[in-house]
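Let me begin by presenting the structure, written as structure tokens, before commenting on it.
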Amino acid sequence: MALKAVLQSLDGVPESLRNEYKERDGKFYLDIDGIDDHDGVGALRRAKDYEKEEAKKAKERARDLQAELDKLNDQLLELRKNGVPKGDVEALEQSYKDRLAKREEEMTARINSLTSQLTNVMVDGEAMRLANEIAAKPEFVDLLLPHVRGRLKLESSEDGTHITRVLDKDGKPSSLTLDDLKKELQGNKAFAPILAGSKAHGGGSNGGGGGGAPSNKKMKDMSEHERVTLYRENPEEFHRLKKEMEAEANKG
């Protein structure tokens with residue numbers, strides 16, 4: 001039996017294994033030597049550190065580009081003062097502008113690429129981690145993932161550091177932590193059938209029809225509870241309706 005990394009309590013844990021957990025902030029964490037050597041943890045940490053360093057370098061390049069622009073503008077002013085023919089000055093100015101525009105385009109593309117990579121690590125990666133922690137089974141992760149991912153956003157500060165911001169239910173920045181979001185999702189009755197450790201079953205609110213939702217109801221018209229229950233009771237029908245909804249969206 002695999003040991004869970006984080007537990008809310010030690011109830012149900014064999015006495016011989018309880019000493020392997022350390023309590024911190026009301027939770028019990030599995031005390032693991034060499035966790036940084038684990039393939040998943042090590043790769044995620046290295047990727048995060050790499051992207052932070054690359055983002056810092058990109059900002060430094062942007063500052064260098066601005067300094068170069070200021071220098072070129074000073075050179076153009078000096079040329080005008082020295083009586084260089086207007087046509088030559090204009091040609092030189094256009095050449096500088098084209099050169100700077102190209103550099104700026106390259107820098108913008110680079111920064112956008114780094115931001116995308118950071119989002120993959122700090123938002124998509126955290127969403128996947130959290131969904132895996134609360135899902136009762138691996139096959140439920142894909143169902144939870146969009147709801148977790150929609151509550152996370154990458155934010156950057158003036159000093160170049162980045163954080164994973166948790167949004168509130170209205171999609172606005174909040175002071176919530178990832179643990180707060182985890183507790184909120186675990187307390188959502190609509191997700192009860194697919195959450196790890198949930199004592200709720202959530203099958204009665206849709207009439208107990210066996211399939212989670214009326215057969216003539218489209219996916220887009222279902223409530224979250226109906227979707228979750230349908231996925232648990234009839235995954236084949238769930239995926240059929242999901243593909244149908246996606247096909248309609250693509251046509252639109």
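The values are calculated or read from the model by the stated rules, or taken from the named source; none is laboratory data. Note that the coordinates shown come from a computational prediction; the quantities given were computed from them, not determined experimentally. Because the Cβ atoms are built from the backbone with ideal geometry, glycine has one as well, and the counts that use them run over all protein chains shown.
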| request: Give the number of residues within segment 1-19 that are modelled with pLDDT under 75, in a loop (DSSP other than H, G, I, E, B) and surrounded by 11 or more Cβ atoms within 10 Å (Cβ to Cβ). | output: 3
| Do we have Leu176 as assigned to a loop (DSSP other than H, G, I, E, B) and at pLDDT 75 or above here? | yes
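Per-residue answers, yes or no, for (1) in a helix (DSSP H, G or I); (2) in contact (Cβ under 8 Å) with a residue 60 or more places away in the chain; (3) in the same structural domain as Tyr231 (by TED's automatic domain parsing); (4) among the aliphatic types (A, V, I, L, M):
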{"site": "Glu105", "(1), (2), (3), (4)": "yes, no, no, no"}
{"site": "Leu114", "(1), (2), (3), (4)": "yes, yes, no, yes"}
{"site": "Gln117", "(1), (2), (3), (4)": "yes, yes, no, no"}
{"site": "Asp124", "(1), (2), (3), (4)": "yes, no, no, no"}
{"site": "Met128", "(1), (2), (3), (4)": "yes, no, no, yes"}
{"site": "Asn132", "(1), (2), (3), (4)": "yes, no, no, no"}
{"site": "Val141", "(1), (2), (3), (4)": "yes, no, no, yes"}
{"site": "Val148", "(1), (2), (3), (4)": "yes, no, no, yes"}
{"site": "Glu158", "(1), (2), (3), (4)": "no, no, no, no"}
| query | Of everything in segment 101-126 that's out of contact with any His (no Cβ under 9 Å at 6 or more places or on another chain) and aliphatic (A, V, I, L, M), which residue is farthest from Lys59 (Cα to Cα)? | reply | Val123
| field | Considering residues of segment 113-133 that are buried (at least 21 other Cβ atoms within 10 Å of the Cβ) and in contact with a strand residue (DSSP E or B) (Cβ under 7 Å, 6 or more places away or on another chain) only, the residue farthest from Leu7 (Cα to Cα) | value | Leu118
| Which of the residues belonging to segment 151-192 are hydrophobic (A, V, I, L, M, F, W, C), within 22 Å of Glu224 (Cα to Cα) and more than 12 Å from the chain's Cα centre (by Cα)? | Leu181, Leu185, Ala190, Phe191, Ala192
| Out of all the residues in segment 90-102, which are at pLDDT 80 or above and surrounded by 16 or more Cβ atoms within 10 Å (Cβ to Cβ)? | Leu100
